[in-house]
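Inspection log for the structure reproduced underneath, given as structure tokens.
Read-outs throughout are calculated quantities, based only on the coordinates presented, and are distinct from any laboratory measurement. Source: prediction; values computed, not measured. Every residue, glycine among them, receives a Cβ derived from its backbone with ideal geometry; neighbour counts consider all protein chains shown.
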Amino acid sequence: MTLPPAYLAKFKKYFIRQAALQKQFNALCNLPNTLALSFIKLRNKKYIAILGGGPSALFMFKQFVDAKRNDFTITIFEKSNLLGAGMPYSANGANDEHVTNVSGNEIPEMVTSINDWIKTVSKDTLDKFLIDPEKFNEYKVLPRLLFGQYLTAQFNLLQKQAKEQGLEFEVHYDSEVTNVTDNPDKQNVIVEINNETKHDFDQVIICTGHNWPKKNEGKVPGYFDSPYPPVKLVFKTNDAVAIRGSSLTAIDAIRTLSRRNGMFNNGEDGKLTYTVAGDSKGFKMVMHSRNGLLPAVRFHLEDSHLATGAELTPEEIKQNREENNGFLSIDLVFEKDFKLAFKDKQPDFYERIKDMCMEDFVNDTLDHRESIDPFELFKIEYKEAEISIEQHKSVYWKEMLGVLSFAMNYPAKYFSAEDMIRLQKVLMPLISVVIAYAPQNSVEEMMALHRAGALDIITVGDNNYVEPIEEGGVIYHYTDEQEIEHADTYKIYVDCVGQPHLTFDEFPYKGLSEARTVTPAKLWFKSPKNGQESLKNDSRKVKFDGKGGYYLTVPGVTINDSFQAIDDFGAFNERLYIMAVPYIGGYNPDYSGLDFCLEASGHIIKSILNN
């Protein structure tokens, strides 16, 4: 019997993947031996799976399309029914009131620009988000759900391009990845979907995106492990709400809770006002910040993309490591990727900071910020940002701090444990505040809430902790700046510190972690003496290897420069790439949104093409 061509095409790609089935394939299809052998040769194609369909997957798929190669077959597994938006730009991460913290000109190049795309959007959608396409420009931030629609449209256009150039691909929606297992004997990777079906691939790229594990949510009434999905915060309350953190994640919770428990209006003086609803008189939000600081306000960026090309080169990094026992000096990164940038651009500022080490600069900057009431500083920075945007003139030191954060992220795996500790304790607290880039309208709302007595912030220091109460709510323990201990009780608590860097034990694919295909990320101490001292202070994170060496365990799994998984023997796995941000935070301590997606996907495609 000879099958019709349509059936042949459908079954061909499955049968030819296993040479052992060649005889069955020939018999079933009644094909000449030479034709069957030509089908077997098609096995030279690489079958690659992209796990997840959000922004990371979008950039990864774009890399395959831009490569203009058709010797791949790409399969995308997405747990929702939507490509492109991911968590941040879908209902899982946003309501109508949530906005991006980047404008159109800051987005890496897509198929079409935001400016061009916005003209194709239906009037009903634009009206819903109060957008006039004639007045829209690339310097405006967007509602996050609308931006999600843009990303979905870009993914659709990329699929069209792929079809036109002969790149084979397929998309599986409603397909949650429940396990991944490497099979070195057969040189493939097994992907389990929805705890049922299993698929094997030559290479797998994990792009599963954000993940907020639930620890107390659902067990302790009034306790929320994150503000996502934000629909869960659409409730009225007559109580104070404790918010852990003061960054963009906290702003998301604030925007949702404030709308359900009151109303914003424009006052006669043009200032935004807020009125608490009559049945929410006890409503108030209290942010708990380690250093008592609010995020910096969005300003005009001179270079809208973080990768400026002026950062340390791979050759410079290699040379420094060779001179430094394999370690990259964080002081060199700070000097070359931050301080020297001011020498020509802002010589006066350079003269002020040129002799400062990283600690001196951070302390000087934070001391200045902490000396001013956080909401007063908010007002000052809001005006500064307004002038920056109106004049298209950057607040340059803040911009360069963003560049520094991006530049050090990729080679951070080469820091010594001592330098990583300095990064975590010294630089990251400043970076997390300054490069948050809070949108102007969010800042206006927060100032209106503060004036209305509905929003406040308190400093809780490094040793604060939250004690869940079984019957509901929490006790927030902290020591204030006057060294007075507090234990404040709240019926509602929302953890808003942002995407946590998840530990190795929280890696979701046990087929990889239990087989040690992936291993815990760690950084070695340059000095055994420093390691020994650190072990005394923190035996949970610092370990002794039994041979005289000490190392610091950092979040997530071990990866190399190509984002390939590293096993227990220090060997990279050419079949497995990981760019899911929650699980590589130890080696990428400050991943930066879409710029990070572009950078990481670029390294991965280079590795795949060179293989």
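When we measure straight from the Cα of Lys68, which lysines land under 22 angstrom away, once same-chain ones fewer than 8 places off are left out?
Lys13, Lys41, Lys45, Lys46, Lys160, Lys163, Lys606
Give, in nm to one decimal, the length gained when the segment between Glu138 and Val231 is fully stretched (0.36 nm per residue of separation minus the Cα-Cα distance).
Working: separation 93, 0.36 × 93 = 33.48 nm, distance 2.90 nm.
Working it through step by step, the gained length comes to 30.6 nm.
Viscosity 1.002 mPa s, temperature 20 °C: give me the Stokes-Einstein translational D for segment 443-542 in µm²/s, with Rh taken as the Kirkwood radius over C-alpha pairs.
Details: Rh = 18.2 Å.
Translational diffusion coefficient: 118 µm²/s.
Roughly what would the spin-label model give for Ile469 and His392, points 7 Å off Cα along C-beta, in nm?
If labels sit at Ile469 and His392, their model points lie 5.5 nm apart.
Shape call for the chain from the C-alpha gyration tensor, a ≥ b ≥ c root eigenvalues: rounded (a/c under 1.5), prolate (a/b greater than b/c) or oblate? Numbers along the way, then the final one.
Details: a/c = 1.68, a/b = 1.39, b/c = 1.21.
Prolate, because a/c is 1.5 or more and a/b exceeds b/c.
Based on Cβ point charges of +1 for Lys and Arg and -1 for Asp and Glu, what charge dipole magnitude is obtained for the chain about its Cα centre, in debye rounded to the nearest 20? Before the final figure, lay out the partial values.
Details: 67 positive and 85 negative charges, 528 e Å.
About 2540 debye.
Please give every one of the lysines within straight-line cross-link reach of Lys281, meaning a C-alpha to C-alpha distance under 19 Å, and leave out same-chain neighbours fewer than 8 residues apart.
Of all the lysines, those that pass the test against Lys281 - Cα under 19 Å, at least 8 places apart if same chain - are Lys236, Lys491.
Roughly speaking, what is the stretch gain from Asn363 to Asp96, that is 0.36 nm per residue apart minus the C-alpha to C-alpha distance, in nm to one decimal? Let's see the in-between values first.
Working: separation 267, 0.36 × 267 = 96.12 nm, distance 3.86 nm.
Value of the extension gain: 92.3 nm.
Which Cα, out of Ala277, Leu233, Ala162, lies furthest along the positive dipole direction of segment 138-297 (beta carbon charges, K/R +1, D/E -1)?
Ala277
Counting DSSP beta bridges with both partners in the chain, what percentage is antiparallel, nearest 5?
Values: 38 of 73 bridges.
Percent antiparallel among DSSP bridges in the chain is about 50.
For helix 358-370, report the angle its Cα long axis makes with the longest principal axis of the Cα atoms of the chain; keep it between 0 and 90° and round to the nearest 10°.
50 degrees
Taking a cut-off of 21 Å between Cα atoms, list the lysines near Lys543, but don't count ones fewer than 8 places away on the same chain.
Cross-link targets: Lys413, Lys425, Lys522, Lys526, Lys529.
Per residue and in cubic angstrom, what volume does the convex hull of the Cα atoms of segment 475-611 have?
On the way: hull volume 24.6 nm³, N = 137.
Considering the Cα atoms of segment 475-611, their hull volume per residue is 180 Å³.
On a 0 to 90 degree scale, rounded to 10, what angle separates helix 440-451 from the longest Cα axis of the chain?
Once rounded, the angle reads 40 degrees.
Just to confirm the number: angle between the C-alpha axis of helix 528-537 and the first principal axis of the chain, 0 to 90 degrees, nearest 10?
Tilt relative to the chain: about 60 degrees.
Would you calculate, for the chain, the mean residue ellipticity at 222 nm contributed by helices, counting each DSSP H stretch of 4 or more residues as -39,500 (n - 2.57) and dividing by all residues, to the nearest 500?
Values: 21 runs with 215 residues, N = 611.
Per the formula, -10500 deg cm²/dmol.
Can you tell me what the convex hull of the Cα atoms of segment 356-465 projects to on average, as an area in nm²?
Details: hull surface 35.5 nm².
Averaged projected hull area, Cα only: 8.9 nm².
No solvent, one uniform scatterer per C-alpha: report log10 I(q)/I(0) for segment 71-150 via the Debye equation at q = 0.11, 0.12, 0.19 1/Å, two decimals.
Calculated log10 I(q)/I(0) at the listed q: -0.32, -0.38, -0.87.
Quick one: which of 328-338, 146-156 comes out on top by average Cβ neighbours within 10 Å, and what's the full order, highest first? Before the final figure, lay out the partial values.
Values: 328-338: 19.5, 146-156: 21.4.
Final packing ranking: 146-156, 328-338.
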